[in-house]
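Since the structure comes first, as structure tokens, the remarks are kept for the end.
Bear in mind these aren't lab numbers, they're just calculated from the coordinates by the rules spelled out. Everything numeric here is computed off the predicted structure, so don't read it as measured data. We place every Cβ from the backbone using ideal geometry, glycine too, and count neighbours over all the protein chains shown.
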Amino acid sequence: MGNITVDQRFQEWLETINKIEKIDKSIIAFNFGLFESEEGFTMYLNGSKTFDEDDEDWATNMDFEPKQKYFSFGSEFLKDKNWQDILNYSEHLVQTYVTSENFKASIFAHAKAIAVGFDDGSLTIIKSQ
């Protein structure tokens, strides 16, 4: 069995969330947040009942938190990468998912907005209605 790529693990993480989580219609925006810890960079997912394109505070709302909230990139992947690399790669991961077939039937499909960003940085809106 070959190594599973970060892309594949990310897809599997989201598919697991889709299988086990139920959200109500009040959750209109999702944030794929990023932070750096001693173990390296980590992504987490949360949902919000509000979205404001001009005020990024909505992304701090924890109106929805999946049981499997965190996604680890893995230490091997993180070697020699800085926060900008991780941000760019995370944007790529989420963008790829948003344009996939799996997305259409996912809990994310009806979101007004999906964003990616570091907790202390600005957000990149991947999807906005």
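Per-residue ellipticity at 222 nm from helix content only, as computed over the chain with -39500 (n - 2.57) for each DSSP H run of at least four residues, stands at -9000 deg cm²/dmol. Each Cα pair under 8 Å and six or more residues apart adds its sequence gap; the mean of these over the residue count of region 6-128 is a relative contact order of 30 percent.
Quick one: go through region 58-76 and flag any residue whose amide nitrogen is under 17 Å from the point 7 Å out along the Cα-to-Cβ line of residue 39. Taking a point 7 Å out along Cα→Cβ of residue 39, the residues of region 58-76 whose backbone N falls under 17 Å are 66-76. The simple spin-label model puts a point 7 Å past each Cα toward its Cβ; for residue 53 and residue 4 those points are separated by 3.7 nm. How far is helix 6-20 tilted, in degrees, relative to the longest principal axis of the Cα atoms in the chain, given as a value from 0 to 90 rounded to the nearest 10? Relative to the chain, helix 6-20 is tipped by roughly 40 degrees. Give me the distance between the Cα centres of region 84-129 and region 34-67, rounded to whole Å. Cα centroid of region 84-129 versus Cα centroid of region 34-67: 11 Å apart.
Listed values for region 36-45 are Karplus-derived 3J(HN,Hα) couplings in whole Hz (6.51 cos²θ - 1.76 cosθ + 1.60, θ = phi - 60°), namely 10, 10, 5, 7, x, 8, 9, 10, 9, 10, and x replaces Gly and Pro.
Take 123-129, 86-92 and order them by the average number of nearby Cβ atoms within 10 Å per residue, most first; the result is 86-92, 123-129. Among the listed pairs 19/67; 19/49; 67/112; 25/112, those with a Cα-Cα distance over 19 Å are 19/49; 67/112. Ranked by the mean number of other Cβ atoms within 10 Å of their residues, highest first, the peptides 67-79, 36-48 fall in the order 36-48, 67-79. So what's the angle, to the nearest 10 degrees on a 0 to 90 scale, between helix 83-98 and the longest Cα principal axis of the chain? The angle comes out at about 60 degrees. Shape summary of the chain, radius of gyration then Dmax from alpha carbon positions: 14.0, 47 Å. Just to confirm a number: summing +1 for Lys and Arg and -1 for Asp and Glu over residues other than residue 124 whose beta-carbon lies under 12 angstrom from that of residue 124, what do you get? My count for the surroundings of residue 124 gives -1. Taking the DSSP bridge list for the chain and keeping only pairs wholly inside it, about 75 percent are antiparallel.
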